[in-house]
Amino acid sequence: MINKNKRYVIANWKMKLGHQQSIDLAKELKKKYKGDEEVELVVCPSASALSAVGEIFKSSPIKLGAQDIFYHDFGAYTGQISPAVAREVGCEYVIVGHSEARKLGETDEDVNRKIVTALKNNLTPIVCVGETFREYEEKKTELVIVAQVTKALEDIKLNDGQKIIIAYEPVWVIGSGQAVDHNIFQHIVQIIAHTAVEIGAALANKFEVIYGGSVDEENVSEFIMGNISTGVIVGNNSLEADKLIKILNNIR
Ligand code: PGA
């Protein structure tokens with residue numbers, strides 16, 4: 001059973017920081033963030049900074065996440081990120097299916113294979129789903145979400161203690177400064193939950209739904225109030241320690 005009181009804040013630094021900047025921000029966060037039993041802060045630096053940032057977080061409550069992995073552990077796959085190595089350098093989480101990766105060619109099948117490999121390496125997958133602006137305008141949001149969740153979770157089996165985090169991130173809202181209305185999000189949470197349960201009883205109680213897209217210190221509480229979800233992914237507003245800490249303070 002999932003602890004529904006636990007909140008997740010996933011900081012997605014994307015490819016927005018230099019190597020030294022990542023190290024400096026990690027150190028500042030470690031100094032300023034004292035940890036909270038009810039909140040899991042997961043920082044996802046770029047792949048090249050994973051190892052250095054992982055070292056910094058070792059003696060801190062902050063968890064490390066990768067922004068992507070490949071679906072094989074080792075082999076002749078130039079340029080890919082090994083899930084086994086991600087785990088080795090301290091990752092406990094990995095983002096898969098982010099719209100920015102999908103835009104560059106990641107398919108639903110890739111997402112599914114990456115989830116399998118993540119779980120095999122004991123990485124908790126944070127699976128992003130969401131519609132484009134065009135799909136939103138054409139009122140296809142529900143169709144897109146059901147299709148993405150169904151394909152992502154096909155034949156996924158979870159061992160005891162494993163879980164999957166599904167992040168609803170409307171593509172057109174990411175980086176826009178304007179989050180979606182929390183009522184819309186609440187409706188999508190129900191659709192995702194229903195779809196995940198339809199796929200198989202094996203997944204019931206083993207997944208969580210979080211929100212991503214222009215989360216800030218003002219709106220963060222809307223996405224968790226009344227327990228509609230258990231957390232958020234934060235992009236732009238995770239690039240400054242003080243802003244991220246305000247979000248962490250406001251999510252309780
Ligand atoms: P944003 O990014 O907070 O800058 O909108 C979120 C994301 O892409 O995960």
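Just so you know, all these numbers are worked out from the coordinates, no wet-lab data involved. Treat the numbers as computed from the prediction; the structure is a model and nothing was measured. All Cβ positions, even for glycine, are placed from backbone atoms using ideal geometry, and neighbour counts span all protein chains on display.
Given a 10 angstrom Cα cut-off, can you work out which residue in Ser22, Ser46, Ser59 is the most mobile in a GNM of the chain? Highest fluctuation of the listed residues: Ser59.
Ile166's amide H: which non-local residues (gap 5+, or another chain) put their own amide H closer than 5 Å, with H modeled 1.01 Å from N in plane and none for Pro or chain starts? Answer set, sorted by chain and number: Val127, Glu208, Val209, Ile210.
Under 5 Å between amide hydrogens, built in the peptide plane, is the criterion, and for Leu239 it picks out nothing among residues at least 5 positions away or on other chains. Note on the chain: with a GNM built from Cα contacts shorter than 10 Å, the maximum mean-square fluctuation among Glu37, Glu55, Glu106 falls on Glu37. Report, for the chain, the % of DSSP beta bridges that are antiparallel, rounded to 5. Bridges in the chain are about 5 percent antiparallel. Ordering Leu64, Ile210, Val144 by the projection of their Cα atoms onto the charge dipole of the stretch 7-249, which places +1 on the Cβ of Lys and Arg and -1 on the Cβ of Asp and Glu, puts Leu64 at the extreme positive end.
Listed by chain and number, the lysines whose alpha-carbon sits under 24 Å from that of Lys30, ignoring those within fewer than 8 places in the same chain, are Lys6, Lys14, Lys16, Lys58, Lys63, Lys243, Lys246.
Between Phe74 and Asn159, the contour length at 0.36 nm per residue exceeds the Cα-Cα span by 28.3 nm. When you work out D = kT/(6 pi eta Rh) for the stretch 100-201 at 4 °C and 1.567 mPa s, using the Kirkwood radius from C-alpha pairs as Rh and the Stokes-Einstein form, the result is 90 µm²/s. With the charge dipole of the stretch 7-249 set up from +1 on Lys and Arg Cβ and -1 on Asp and Glu Cβ about the Cα centre, the Cα lying farthest toward the positive end among the listed residues Cys128, Ile228, Val180 is that of Cys128. If only the Cβ of Lys and Arg carry +1 and only the Cβ of Asp and Glu carry -1, the dipole of the stretch 111-252 around its Cα centre is close to 560 debye. D by Stokes-Einstein for the stretch 182-252, Kirkwood Rh over Cα pairs, 10 °C, 1.306 mPa s: 122 µm²/s.
Residue by residue, the stretch 172-181 carries 3J(HN,Hα) couplings of 6, 9, 4, x, 8, x, 10, 6, 6, 4 Hz when phi is fed to the Karplus relation 6.51 cos²θ - 1.76 cosθ + 1.60 (θ = phi - 60°); x denotes Gly or Pro.
Eigen-decomposition of the gyration tensor built on the alpha-carbon atoms of the chain gives equivalent ellipsoid semi-axes of 25, 22, 18 angstrom, largest listed first.
Helices assigned as whole DSSP H runs in the chain whose Cα atoms extend at least 24 Å along their own long axis and whose mean Kyte-Doolittle hydropathy is 1.6 or higher are not found. Taking the Cα centre of the stretch 162-229 as reference, the dipole from Cβ charges on Lys and Arg (+1) and Asp and Glu (-1) amounts to some 360 debye. Largest mean-square fluctuation among Asp108, Asp36, Asp160, in a Gaussian network model of the chain whose springs join Cα atoms under 10 Å apart, belongs to Asp160.
By the beta-carbon count within 10 Å of each Cβ, the least crowded to most crowded order of Val43, Val116, Val149, fewest first, is Val116, Val149, Val43.
Given +1 at the Cβ of Lys and Arg, -1 at the Cβ of Asp and Glu and no other charges, the dipole of the chain around its Cα centre is 600 debye to the nearest 20. Net charge of the neighbourhood of Pro45, taken over other residues with C-beta under 11 Å away and scored Lys/Arg +1, Asp/Glu -1, is +2. The three principal axes of the C-alpha atoms in the stretch 63-142 carry coordinate ranges of 43, 28, 17 Å, sorted with the longest axis first.
Among Val9, Val146, the order by Cβ neighbours within 10 angstrom, fewest to most, reads Val146, Val9. Over all Cα pairs of the stretch 1-127, how is the pair count split among 10 Å bins, expressed in % and running from 0 up to the last occupied bin? The calculated distribution, bin by bin, is 13, 44, 34, 9, 0.
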